[in-house]
1. Against the definition (within 18 Å of the chain's Cα centre (by Cα), modelled with pLDDT under 85 and small (Gly, Ala, Ser)), how does ALA25 come out, yes or no?
Amino acid sequence: FLPVLIAFTVYFCVWHSTRHIFRVAVMFNSQNSFAALTDFFKNSWVITLITLIGAVFSAAIIFFYVPFEAVIVKIVFIGLSVLTLPHMVLTGLA
């Protein structure tokens, strides 16, 4: 029902990320899921905030020089490609 780029972004951000965060959080405390998620968010909010600030700053610079449609494609796919290798390494080590 949606254009491909929007559908992919919604899937990735809503389904994949939520499921993965829950799996990682429960790895550290399998007895209490709520406590696991609470600990996860307490320990990750600073790096998440820094990442969001960097993403907004980078997007603002890119938006100034490149047309909107090209920016979205670049941010989504280049961002995902940069994050995939470290993500897979850390997931494999856990």
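1. Working: within 18 Å of the chain's Cα centre (by Cα): yes; modelled with pLDDT under 85: yes; small (Gly, Ala, Ser): yes.
Criteria met by ALA25.
Here's the yes/no breakdown for (1) closer than 21 Å to LEU93 by Cβ; (2) in contact (Cβ under 8 Å) with a residue 40 or more places away in the chain; (3) small (Gly, Ala, Ser):
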| position | (1), (2), (3) |
| --- | --- |
| VAL14 | no, no, no |
| ALA25 | yes, no, yes |
| SER30 | yes, no, yes |
| ALA36 | yes, no, yes |
| VAL46 | no, no, no |
| VAL56 | no, no, no |
| PRO67 | no, no, no |
| ALA70 | no, no, yes |
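The values are calculated or read from the model by the stated rules, or taken from the named source; none is laboratory data. Computed from a predicted model, the values in this text were never measured in an experiment. With ideal geometry, Cβ positions are generated from the backbone for all residues, glycine too; neighbour counts draw on all protein chains shown.
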